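Everything below concerns the one structure shown next.
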Amino acid sequence: MSQTVSTLLLRNLHDVFGEIDPARRRVAIDEIFHEDAVFYDPNSGIHRGRDEIDRIAGAIKATHPDFRYQPLAQPEVIGDGGRVRWLSGSPGKPPAYAGTDFAIVRDGKIAAIYLFFDELP
């Protein structure tokens, strides 16, 4: 299934890194990432392939299972790349951290995604 860059960025936030259920998270990963996709995380390094992306997304979610990701604005897209700025934290509390995801899309799926942590606004 081919999806827009904007949709892929938002699904990555909510359906992958925001998803607590491992089965639903894996379905989303298989739908939106290429088999050989790469996730670049400034804290844990480079994660190659769907299995590794699934593993690290689950590990990150386990550290703060109640956190929700909230985009600050609609994703920005240029060609086959895009970015989305977001906040994350527990519902009803001030955000705990902020970041920007930048993705490269190939044939309607994420080929690479880069995480940058930002200062809280």
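With of a type in the set (Asp, Glu) and exposed (fewer than 12 other Cβ atoms within 10 Å of the Cβ) as the only criterion, which of 54, 36 stands out? Explain how you work it out, then say what you get.
Numbers: 54 fails: exposed (fewer than 12 other Cβ atoms within 10 Å of the Cβ).
So the residue among 54, 36 that is of a type in the set (Asp, Glu) and exposed (fewer than 12 other Cβ atoms within 10 Å of the Cβ) is 36.
Output yes when any residue across the range 100-113 is of a type in the set (Val, Ile, Thr) and over 20 Å from residue 7 (Cα atoms), and no when none is.
no
Could you please give the count of residues in the range 57-105 that are within 14 Å of the chain's Cα centre (by Cα), farther than 14 Å from residue 8 by Cα and among the aromatic types (Phe, Trp, Tyr)?
3
Here's a check for you: in the range 1-25, which residue that is β-branched (Val, Ile, Thr) and within 14 Å of the chain's Cα centre (by Cα) is surrounded by the fewest Cβ atoms within 10 Å (Cβ to Cβ)?
Once the filter is applied, the top-ranked residue is 20.
Identify the residue in the range 61-110 that is surrounded by fewer than 16 Cβ atoms within 10 Å (Cβ to Cβ) and of a type in the set (A, V, I, L, M, F, W, C) and, among all such residues, is nearest to residue 32 (Cα to Cα).
78
Here is a check on your reading of the model: is residue 89 over 14 Å from residue 109 (Cα atoms), in contact with a strand residue (DSSP E or B) (Cβ under 7 Å, 6 or more places away or on another chain) and modelled with pLDDT of 95 or more?
In short, no.
How about the range 42-66: which of its residues are touching a residue at least 40 places away in the same chain (Cβ under 8 Å) and within 22 Å of residue 93 (Cα to Cα)?
60, 61, 65
The values are calculated or read from the model by the stated rules, or taken from the named source; none is laboratory data. Since the structure is predicted, the reported quantities are computational estimates derived from the model, not experimental observations. Note that we place each Cβ from the backbone using ideal geometry, even for glycine, and neighbour counts take in every protein chain shown.
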